[in-house]
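Student: Handing you a structure now.
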Amino acid sequence: MALTDYTDEQARALVNLRQRYDAWRDAERAFRALPYDLRRKRVGPYAYLYEIRDRSGNGTSLGRWDEEAERRLTGFKAEKAAAKDRLAKARARLEEGGRLVRALRVPMLAAAPGPILREADCRGLLDGDLLVVGTNCLVAYQQEAVARFDVADETEDFDLAWAGEERPDGAPVWDLLKAVDPTFSVNTERGFQARNADAYEVELLVAPSRAAALARRDRPRPIPLPEQEWLLLGTPVDQVVVCRDGSAARIVAPDPRWFALHKLWLADQAKRDPLKRRKDRAQGRAVLDAVAQAMPHYPLDAAFARSVPGELASYWRDWREGAER
């Protein structure tokens, strides 16, 4: 399959977008780490310094009001004002960078996953806990190759896989989804899927080796699938992409070699929707071709061939023979 290399202008704009995104994400995390508010509050005859947790005014006393409390309040107000200003400037620069990249017509992600990905990143969930899987990965793989390849990449749902190795507290995935859109609810017929008021679907997947690391109270609840183990192998792709609305989002996706072989395997599964099987085969071949032509840092050498398990060996062999012809 022939690739169309990104222009120098497109590549440069994407490098700048990553820098601006990282600056925004770091500013957003720093702002969120600050208390919601600190206030002087009188209770009876005494005054106290209170840390306010939410808009309702709920809070915790930090002790009686004194000179130290006054200095602390003054310092907090200055720190929060500076953090807010830094965040506003970083957001404006990121929005400008996103508009520029969109105008350059590089492959883009649908708009709907953007808020989920940004919120996940601000919460640290893209740093080892969640992987983007499925068709949405293709934008990141094209960016990794710095080249466009023609393959269907539109999807009306969003697939995430839990990749964390330690069981977290609370319900991180569910809290993430509800923070993005409070209308998300679990599909009662498909417990591994959440759906919002616009019928946008988010599916959570997990490999058997990671199932025990899911939070007990988290939702959706995926069924462990052995084939998800393949997507944990190798080195993930980490890219900041632009969405169709001009916003930016970070994608952490499986190693493209294993993604492609997994797609080729899916294309042969009788239980798979025939229309999806056709798409799976095209995507698997396209990604392997792109790896071979434009991703030397993901070698398709003898060492990799030896690591391919028996279930995937025929797909690897068929692609290899076709590529050599």
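Student: Over what distance in Å are the Cα centres of the stretch 283-325 and the stretch 227-255 separated?
Tutor: 19 Å
Student: Cα axis of helix 310-324 to longest principal axis of the chain: angle in degrees, 0 to 90, nearest 10?
Tutor: The angle comes out at about 70 degrees.
Student: Now a separate question. With everything on Cα atoms, drop me the angle between helix 113-122 and the longest principal axis of the chain, reported from 0 to 90° to the nearest 10.
Tutor: The two axes meet at around 60 degrees.
Student: Relative to a virtual label point 7 Å from the Cα of Asp301 in the Cα→beta-carbon direction, which members of the stretch 231-258 show backbone nitrogen distances below 12 Å?
Tutor: Backbone N within reach: none found.
Student: For the chain, find the longest principal axis of its Cα atoms and tell me its angle to the long axis of helix 67-103, 0 to 90°, nearest 10.
Tutor: Helix 67-103 and the main axis of the chain meet at about 30 degrees.
Student: Could you please report the charge total around Ala81, scoring K, R as +1 and D, E as -1 over all other residues with beta-carbon less than 14 angstrom from its beta-carbon?
Tutor: +2
Student: Next up: So for the stretch 1-106, Kirkwood radius off the Cα pairs, Stokes-Einstein at 20 °C and 1.002 mPa s: how many µm² s⁻¹?
Tutor: 127 µm²/s
Student: While we're here: Which of the peptides 6-18, 300-312 is most tightly packed, and how do the rest follow, going by the mean number of other Cβ atoms within 10 Å of each residue?
Tutor: Descending mean neighbour count gives 6-18, 300-312.
Student: Answer rounded, prolate or oblate for the stretch 113-202, using the Cα gyration tensor with square roots of eigenvalues a ≥ b ≥ c: rounded when a/c is under 1.5, else prolate when a/b is larger than b/c, else oblate.
Tutor: oblate
Student: Pairs of alpha-carbon atoms within less than 8 angstrom and 6+ residues apart define the contacts here; what relative contact order does the chain have, in percent?
Tutor: Across the chain, relative contact order equals 17 percent.
Student: Order the peptides 55-67, 270-282 from the highest to the lowest mean number of other Cβ atoms within 10 Å of their residues.
Tutor: Result, highest mean first: 270-282, 55-67.
Student: Around Gly234, with a cut-off of 11 angstrom between Cβ atoms, what is the net charge of the other residues, counting Lys and Arg +1 and Asp and Glu -1?
Tutor: With Lys, Arg at +1 and Asp, Glu at -1, the neighbours total 0.
Read the figures in this text as sums done on the coordinates, not as results from a lab. In this text, all values refer to a predicted model and were calculated from it rather than measured experimentally. Cβ: placed from backbone, ideal geometry, glycine included. Neighbour counts: every protein chain shown.
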